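The values are calculated or read from the model by the stated rules, or taken from the named source; none is laboratory data. Quick caveat: nothing in here was measured; it's all calculated off a predicted structure. Positions of Cβ are backbone-derived with ideal geometry, glycine not excepted, and every protein chain shown enters the neighbour counts.
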Amino acid sequence: MSEHGHTGLRQDQQGVILVEALVVAPVLIILTFGLLEFGNMLWQRMQLQTGVRDAARYWSRCANAISGVTCSQEIARNIAFYGQPTVGDFERVAGWNDASELTITPATPPSPPGGSAAISVVTVTGRTQYQGSPALGFILGTAPTIQYSYEMRFIGW
């Protein structure tokens, strides 16, 4: 009787698919959410890069003495944070709107390049905490910081 009982269990396939699904499903779910989280992080970094480059472009072409246009770091920050010279309704990156998160050097637009003068360089650095899912912050202990720096030669208008 014991021989007959073991043979029946070896050939019995009921429940195998359920067991396989219970093993594979958590792996696929974690992989899917990981890919979505990674894509969201890359998108936020791309938006930060675009804002930093736009602010650097504005600041590198800003020359109060030449054009009579009033240039300000507030306008450069608004361009970086909102994509426009004034405070907008939507931020490029959620939570990226604090003046301390965008560093612009030099603090005033450089002098126009002269014949023998050294080339002036404008550097803009932006940083923010990644605004992702709370699960990632829980796993890592803290949200990762996204940072980008861009350097551009001063041109003036």
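Scan the stretch 127-151 and report the pairs whose first residue is at pLDDT 75 or above and whose second residue is surrounded by fewer than 12 Cβ atoms within 10 Å (Cβ to Cβ) and part of a strand (DSSP E or B), with Cβ atoms within less than 9 Å and a gap of 6+ or a chain change.
ARG127/THR145; THR128/THR145; GLN129/THR145; TYR130/THR145
What number of residues within the stretch 98-121 satisfy the criterion of being surrounded by fewer than 17 Cβ atoms within 10 Å (Cβ to Cβ), farther than 16 Å from ALA80 by Cα and at pLDDT 75 or above? Spell out how you get there, then give the answer.
Our first condition is that a residue be surrounded by fewer than 17 Cβ atoms within 10 Å (Cβ to Cβ); within the stretch 98-121, this holds for 98-100, 103, 105-108, 111-119, 121.
In the following step, the residues that additionally are farther than 16 Å from ALA80 by Cα were identified as 106, 108, 111-119, 121.
Narrowing further to those that are at pLDDT 75 or above: 106, 108, 121.
Going through the stretch 98-121 one residue at a time, the tally reaches 3.
Can you tell which of GLY39, GLY95 is under 23 Å from GLN131 (Cβ atoms), at pLDDT below 95 and either surrounded by 13 or more Cβ atoms within 10 Å (Cβ to Cβ) or polar (S, T, N, Q) (or both)? Step through it out loud before you land on a result.
On the way: GLY39 fails: either surrounded by 13 or more Cβ atoms within 10 Å (Cβ to Cβ) or polar (S, T, N, Q) (or both).
Of GLY39, GLY95, the one residue that is under 23 Å from GLN131 (Cβ atoms), at pLDDT below 95 and either surrounded by 13 or more Cβ atoms within 10 Å (Cβ to Cβ) or polar (S, T, N, Q) (or both) is GLY95.
Out of the residues in the stretch 71-83 that are polar (S, T, N, Q) and in a helix (DSSP H, G or I), which is modelled with the lowest pLDDT? Break it down stepwise before answering.
To start, the set of residues in the stretch 71-83 that are polar (S, T, N, Q) comprises 72-73, 78.
After this cut, where a residue has to be in a helix (DSSP H, G or I) as well, the list is 73, 78.
Numbers: GLN73: 90, ASN78: 94.
The qualifying residue modelled with the lowest pLDDT is GLN73.
Among what's in the stretch 122-151 and is surrounded by 15 or more Cβ atoms within 10 Å (Cβ to Cβ) and among the hydrophobic types (A, V, I, L, M, F, W, C), pick the residue that is farthest from THR108 (Cα to Cα).
So the first thing to find is which residues in the stretch 122-151 are surrounded by 15 or more Cβ atoms within 10 Å (Cβ to Cβ), and the list is 122-132, 136-137, 143, 146, 148, 150.
So of that shortlist, the ones also among the hydrophobic types (A, V, I, L, M, F, W, C) come out as 122, 124, 136, 143, 146.
On the way: VAL122: 10, VAL124: 12, LEU136: 39, ALA143: 33, ILE146: 26 Å.
Among them, the one singled out is LEU136.
Would the stretch 48-70 turn up any residue that is surrounded by fewer than 18 Cβ atoms within 10 Å (Cβ to Cβ), closer than 30 Å to ILE30 by Cβ and at pLDDT below 90? So that I can check it myself, show each step before the final result.
Here is the first cut: in the stretch 48-70, the residues surrounded by fewer than 18 Cβ atoms within 10 Å (Cβ to Cβ) are 49-50, 53, 57, 61, 64-70.
Then keep just the ones that are closer than 30 Å to ILE30 by Cβ; that gives 49.
Retained after the next criterion (residues that are at pLDDT below 90): none.
Checked against the condition, which is being surrounded by fewer than 18 Cβ atoms within 10 Å (Cβ to Cβ), closer than 30 Å to ILE30 by Cβ and at pLDDT below 90, the stretch 48-70 yields no hits at all.
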